[in-house]
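Below: one structure, written as C-alpha cells.
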Amino acid sequence: MPSHKYILWRLTMNKRERLIAYACKEAGDWSRIAEDLRYAKDCTYVSDEPCITIYDEIYPESLRKLRFPPWVLFYRGDISLLKKQSLTIVGSRKMTEYGYRVTVHIADVLKERFVLVSGLAAGIDAAVHSSALAGGRTIGVIGSGFDTQYPSQNRELYEQMQKDHLILSEYPHSVGVRKEHFPWRNRILAALGQCIIVTEARIKSGSMLTVNEAIALSKDIYCVPSLFDFESGKGCNRLISQGAFMLYEMEQLKDIVPEKQENRKI
C-alpha cells in the first residue's frame, strides 16, 4: 500500500514534473514516454538534472514543429543560447583535410552572426565546435546521457562547452551510447538551426539523415561541392544536384539569410 507521503507527492506533482519523471523512468525513449503520458501512469522517479520540457517557455518553437518533438531536454551550460539565432553545420566523422579546412573557414565566418549547432561527434562536428569556442557560441546535441562523453577524443570539448556554451540531450545522465540514438537526435540538429550547411558527407551518412529532417521542416540546405567521384563528398554533390544551394566561395557566407524567402536566389 502506498505511503501517505507518496500519495501527497503524486497529487501535488504538476505536469512538468510528471513529464521529467517519465523521461527518467523510460531512459528518454520517446514512444514509451508518450504511452506513459497517455495513460497517466504512476511514476516515482525524481531528477535534479538541469532540463527543459515541452511545457517551458524557453523550449524552442522550432522543436515544436517536429513530428516527434523531444519531451524533455537535459542540458549543461548556458540554456539562454536557445533564444539566439542559430545555424547547423554537419558533416562526416571521417573528414578529409579538405573537409576540415572548409569547415573551419565557414565556421570562423558564421560564428560572428550565429550560434553554431552540431552533434559533438568526431570529425566535422568537432571542428565546428572547436572553431566556435574561439570567440563564438556553440550548441552540441548528443545521443547519450551526460555520464558518457562520446567519443572519448572530444572530452575536452565537452568540458569547455558545458561551462560557457550548451550541450543538449534527450537522455538522462546514466543512459549510455546506443547506435539508434544518433540518427534519432539528428532531427533536433535539423530543427535548431535556421538553415543547414553540410561541408563534407558520404551518400550513406548521418548528415544525410539530418538533411532529410531539415527538408521536412522546409529549411534551406547549403552544401560545399566535392571533387568528381570523391567518396567522402558524394553526399554533398548529390544534394546539390537535387537542388541544395552550392557554397563555392567564402563571399557567399555574408549573404546567408536563415529565414526562407520567396524567389530567393543564391
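Residues of segment 57-72 that are touching a helix residue (DSSP H, G or I) at 6+ places or on another chain (Cβ under 7 Å) and not aromatic (Phe, Trp, Tyr): Ile58, Pro60, Ser62, Leu63, Lys65, Leu66, Pro69, Pro70, Val72. Residues of segment 230-252 that are assigned to a helix (DSSP H, G or I) and either at pLDDT below 90 or of a type outside the set (A, V, I, L, M) (or both): Glu231, Ser232, Gly233, Lys234, Gly235, Cys236, Asn237, Arg238, Ser241, Met250, Glu251, Gln252. Among the residues of segment 24-41, just one is among the hydrophobic types (A, V, I, L, M, F, W, C) and over 26 Å from Asp147 (Cβ atoms), namely Ala40.
For segment 144-151, the criterion of being out of contact with any Gly (no Cβ under 9 Å at 6 or more places or on another chain), at pLDDT 95 or above and closer than 27 Å to Phe230 by Cα is met by none of the residues.
Selection within segment 71-118: residues that are among the aromatic types (Phe, Trp, Tyr), touching a Ser or Thr at 6+ places or on another chain (Cβ under 7 Å) and within 22 Å of Tyr171 (Cα to Cα). The member of this set that is surrounded by the fewest Cβ atoms within 10 Å (Cβ to Cβ) is Trp71. Inspect segment 41-60 for any residue being open to solvent by 50 Å² or more (accessible area, probe 1.4 Å), at pLDDT 95 or above and more than 23 Å from Tyr158 (Cα to Cα) and give the result as yes or no. Taking every residue of segment 41-60 in turn, at least one turns out to be open to solvent by 50 Å² or more (accessible area, probe 1.4 Å), at pLDDT 95 or above and more than 23 Å from Tyr158 (Cα to Cα). Meeting the requirement of 2 or more residues that are open to solvent by 20 Å² or more (accessible area, probe 1.4 Å), among the acidic types (Asp, Glu) and over 19 Å from Glu26 (Cα atoms), the helices (runs of 4 or more DSSP H) wholly within segment 125-226 are 155-164.
Of all residue pairs spaced 6 or more apart or on separate chains, those with beta-carbon atoms under 7 Å, a first member in segment 227-246 that is farther than 15 Å from Ser205 by Cβ and a second member that is in a loop (DSSP other than H, G, I, E, B) are Ile240/Pro225; Phe245/Ile266; Met246/Pro225. Count of segment 100-124 residues, restricted to those that are outside any helix (DSSP H, G or I) and either touching an Asp or Glu at 6+ places or on another chain (Cβ under 9 Å) or of a type in the set (Gly, Ala, Ser) (or both), is 5.
The values are calculated or read from the model by the stated rules, or taken from the named source; none is laboratory data. Not measured: the values here are computed from a predicted model. Because the Cβ atoms are built from the backbone with ideal geometry, glycine has one as well, and the counts that use them run over all protein chains shown. Just the protein is used for accessible areas: all its heavy atoms, side chains included, with ligands, DNA and RNA removed. Shrake-Rupley method; radii C 1.70, N 1.55, O 1.52, S 1.80 Å.
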